[in-house]
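The values are calculated or read from the model by the stated rules, or taken from the named source; none is laboratory data. It should be emphasised that the depicted structure is a prediction, and the values quoted were computed from it without experimental measurement. Glycine gets a Cβ as well: all are built from the backbone with ideal geometry, and neighbour counts include every protein chain shown. The area values use the complete protein model at the heavy-atom level, side chains included, leaving out ligands, DNA and RNA. Shrake-Rupley method; radii C 1.70, N 1.55, O 1.52, S 1.80 Å.
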Amino acid sequence: NAGVTQTPKFQVLKTGQSMTLQCAQDMNHNSMYWYRQDPGMGLRLIYYSASEGTTDKGEVPNGYNVSRLNKREFSLRLESAAPSQTSVYFCASKSGQGLYNSPLHFGNGTRLTVT
Amino acid sequence: AQTVTQSQPEMSVQEAETVTLSCTYDTSESDYYLFWYKQPPSRQMILVIRQEAYKQQNATENRFSVNFQKAAKSFSLKISDSQLGDAAMYFCAYRDPTGTASKLTFGTGTRLQVTL
């Protein structure tokens, strides 16, 4: 099993450009998440999807949109990139609603630089 | 909102020695879940250990154990017989079971160096 796959691994954008980060999981998980990681700030939740067909804002949603395309895929879109969105982005998934002790499974991250 | 605090930005330990990483959290819930994740230079996030708040017994996983003090809202990670491969960022995380998505809130991390 591949687990959680994120593409691309690295990306450089100019201010104002748009792009979509792709995430797919093959573990039949219900819930999926997008986090960003910045130095000294840990991981902060951008958006999440508790189940197919639902999405909700996390702690830092401004400047982002998401799509839960199907149970496997959860994409993150930057419509007009800004330097403040320079970060490492992680997609994660988790099995089963109500299984509160089940861990998040993470992708390997996307390092995004906005110049 | 819940907060998770890791007050040690960096720690260092000699190989084969023991080190304890601190984590405190703030919550008004009585049932919740706590996790430690490891992030080596490869950037991958790896689950180290988990603890359910309703369990009084501290979780252990081989050389990794926790000291869970519910009243003090403290959840420290002890690494015994440290190895070079333990060098990484370590993140403490809290999960509130309310709501549908079981979101995790992370601390800011502790960078662990392991020296010879």
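Structure summary
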item	result
Strands (runs of 3 or more DSSP E) fully within region B:1-51 counting 1 or more residues that are open to solvent by 60 Å² or more (accessible area, probe 1.4 Å), closer than 25 Å to B:Leu116 by Cα and not hydroxyl-bearing (Ser, Thr, Tyr)	B:10-14
Filter result for A:Gly96 (at positive phi, assigned to a loop (DSSP other than H, G, I, E, B), modelled with pLDDT of 95 or more and open to solvent by less than 60 Å² (accessible area, probe 1.4 Å))	no
Complete set of residues in region A:1-25 that are part of a loop (DSSP other than H, G, I, E, B) and open to solvent by less than 60 Å² (accessible area, probe 1.4 Å)	A:Gly3, A:Pro8, A:Gly16, A:Ser18
Members of region A:28-50 that are open to solvent by 30 Å² or more (accessible area, probe 1.4 Å), within 14 Å of another protein chain (Cβ to nearest Cβ) and part of a loop (DSSP other than H, G, I, E, B)	A:Asn30, A:Pro39, A:Gly40, A:Met41
Count - residues of region B:80-104 that are facing another protein chain (nearest Cβ under 8 Å) and not small (Gly, Ala, Ser)	6
Members of region A:69-84 found to be open to solvent by 10 Å² or more (accessible area, probe 1.4 Å) and either in contact with a Lys or Arg (Cβ under 8 Å, 6 or more places away or on another chain) or within 19 Å of A:Thr54 (Cα to Cα) (or both), listed by number	A:Leu69, A:Asn70, A:Lys71, A:Arg72, A:Glu73, A:Ser75, A:Arg77
Number of the condition not met by B:Lys55 [criteria: (1) loosely packed, with under 15 Cβ neighbours inside 10 Å; (2) among the basic types (Lys, Arg); (3) touching a Ser or Thr at 6+ places or on another chain (Cβ under 7 Å)]	(3)
Residue identified as more than 10 Å from chain A (Cβ to nearest Cβ) and either within 15 Å of A:Leu43 (Cβ to Cβ) or touching a helix residue (DSSP H, G or I) at 6+ places or on another chain (Cβ under 7 Å) (or both) among B:Thr27, B:Thr3, B:Thr18	B:Thr3
